[in-house]
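What follows is a single structure, written as structure tokens, with notes after it.
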Amino acid sequence: MELFDVYPLFDIAIDHGKGCHVWDDKGQEYLDLYGGHAVISVGHCHPHYVEAMTKQLNKLGFYSNSVINPLQKELAHRLGKASGYDDYQLFLINSGAEANENALKLASFYNGRTRVLSLEKAFHGRTSLAVEVTNNPKIIAPINDNGHVTYLPINDLPAWEAELAKGDVCAVIIECIQGVGGIRVVTKEFMQGLRALCDKYDTVLICDEIQCGYGRSGKFFAHQHFGIKADLITVAKGIANGFPMSGLLIAPKFKPVYGQLGTTFGGNHLACAGAIAVLDIMESEKLVENAAEVGSYLIKRIKEENLPHVKEVRGYGLMIGIELDVPYKEIRTRLVKEQHCFTGCAGTNVLRLLPPLCLTKAEADDFIARFKAVL
Ligand SMILES: Cc1ncc(COP(=O)(O)O)c(C=O)c1O
């Protein structure tokens, strides 16, 4: 059998990793400013993570959600404390799209409505409702195109109010720092206005923190830069450093009903052990603070270098977009092939930096040297 060929691949097989570096099967080292698509939070193969996962696997990898899982309770407690959402409830699933599906479903159970507002250029995943709220017609199949969604411009509060005032909007779903959309950031005024409007019209505010959350922006959640709280928050990617897991943080006003939500694999013992180890490391190594400090340093350094082709540098923490005045393709490919450095990308002209949160200033300098060499 052949693989279903949906990914344009670099001709490289990554074999092992350590911290912010990976090596291919020929022994070539790469600096990882991509973090496996924002997934590697605490660094590749962190010894504490490896030990916790190994220990758990030797004890029990999986049992179903029909019995008490103390690891889920511990994770909920720890995540509540780490994120400042102590009074929220946690539902555990397996992927970002699945977290958004459950968020939208819960919002609709809550207020009985079916319309959703989403940002232009939004990306929320590739399954049913998650892809419908994603603003990319190329990946919405006819079966997903069910007319639930209105896409609106970023930071244009009057446009959002005009829709919300109709009184029929179930939920607003929003990435405060858009990833796939090219590191476009909301303003504080917009986010605070939107929060107030959602309250006024009984619309559920969902913050998709799958890429911008879990410490990446230099605060636990990106929306915390804008002084608001969300009703529902979705997390995935960095939560278990690459072991598939996602979560939905749920405000106290939502009351659980047996059978409404459920999953076979979600919150299994091995995933929880990984997620708890991630929180251990984030706390002991102060990785949220590190993302803030090294991220500001990196943004400042790129700006100061006055590099050719660099039009704008934007972002928070270690979620950085470098807008180029040329398509990113050649530069990104040369970074990989000649300088052995992975980065992400967005749109046609944006390089996206999403390194592990343990990136050091020396590694940030190393990136700049490798980047300069291909400009
Ligand atoms: C903001 C955002 N939401 C949702 C998703 C979907 O996550 P997954 O691929 O785990 O389904 C992604 C993935 O890139 C994302 O960046």
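Here, each number is a calculation from the coordinates, and none is a lab measurement. This structure is a prediction, so every number in the text was calculated from the model and none was measured. Heads up, the Cβs are rebuilt from the backbone with ideal geometry, glycines too, and the neighbour counts pull from every protein chain shown.
The Rg/Rh ratio of the chain, with both radii computed over alpha carbons and Rh defined as the Kirkwood radius, is 0.96.
Here the Kirkwood formula puts the hydrodynamic radius of the range 185-290 at 15.3 Å, using every distinct Cα pair. Listed from fewest to most Cβ neighbours within 10 Å, the set His16, His225 follows the order His16, His225. Assuming R0 = 30 Å, can you tell me the calculated FRET efficiency for the pair Trp23 and Asn65, based on Cβ-Cβ distance, to the nearest 0.05? According to the calculation, E is roughly 0.20.
Only helices reaching 24 angstrom along their own axis (Cα) with mean Kyte-Doolittle hydropathy no lower than 1.6 count here, and not one DSSP H run of the chain does.
Taking a threshold of 30 Å on the Cα-Cα distance, which of the pairs Lys138/Lys300; Lys121/Lys237; Lys286/Lys337 fall above it? Check vs 30 Å cut-off fails for Lys138/Lys300; Lys286/Lys337. Exposed loop sites, defined as chymotrypsin sites (Phe, Trp or Tyr not before Pro) outside DSSP H, G, I, E and B with at most 12 other Cβ atoms within 10 Å, are absent from the longest region of the chain, namely 64-257. Exposed loop positions in the chain were taken to be GluC sites (Glu not before Pro) whose DSSP state is not H, G, I, E or B and which have at most 11 other beta-carbon atoms within 10 angstrom. Between these positions, the longest stretch is 3-337.
Rounded, prolate or oblate: which one fits the range 202-260, using the alpha carbon gyration tensor with axes a ≥ b ≥ c (rounded when a/c is under 1.5, else prolate when a/b beats b/c, else oblate)? Oblate, because a/c is 1.5 or more while a/b does not exceed b/c.
Using a 10 Å cut-off around each Cβ, can you sort Lys311, Lys286 from fewest to most neighbouring Cβ atoms? Mind dumping the intermediate values first?
Values: Lys311 11, Lys286 15.
Going from sparsest to densest Cβ surroundings: Lys311, Lys286.
Among Ser41, Ser118, Ser284, Ser296, which comes first, second and so on when ranked by fewest other beta-carbon atoms within 10 Å?
In order of increasing Cβ crowding within 10 Å: Ser284, Ser296, Ser118, Ser41.
Using only the Cα atoms of the range 1-104, build the gyration tensor, take square roots of its eigenvalues as a ≥ b ≥ c, and label the shape rounded, prolate or oblate: rounded if a/c is under 1.5, else prolate if a/b is larger than b/c, else oblate.
Prolate shape, in that a/c is at least 1.5 and a/b is the bigger ratio.
In the range 48-284, taking the dipole from charged Cβ atoms about the Cα centre, the farthest positive-side position among Leu129, Gly61, Asn111 is held by Gly61.
Of all DSSP bridge pairs formed entirely within the chain, close to 65 percent run antiparallel. The distance linking the range 99-117 with the range 33-84 is 27 Å (Cα centroid to Cα centroid, whole angstrom).
Taken as Cα centroids, the range 198-264 and the range 299-345 sit 29 Å apart, rounded to the nearest whole angstrom.
Please label the shape of the range 91-209 as rounded, prolate or oblate, based on the square roots a ≥ b ≥ c of the eigenvalues of the alpha-carbon gyration tensor (a/c under 1.5 means rounded; beyond that, a/b larger than b/c means prolate, else oblate).
rounded
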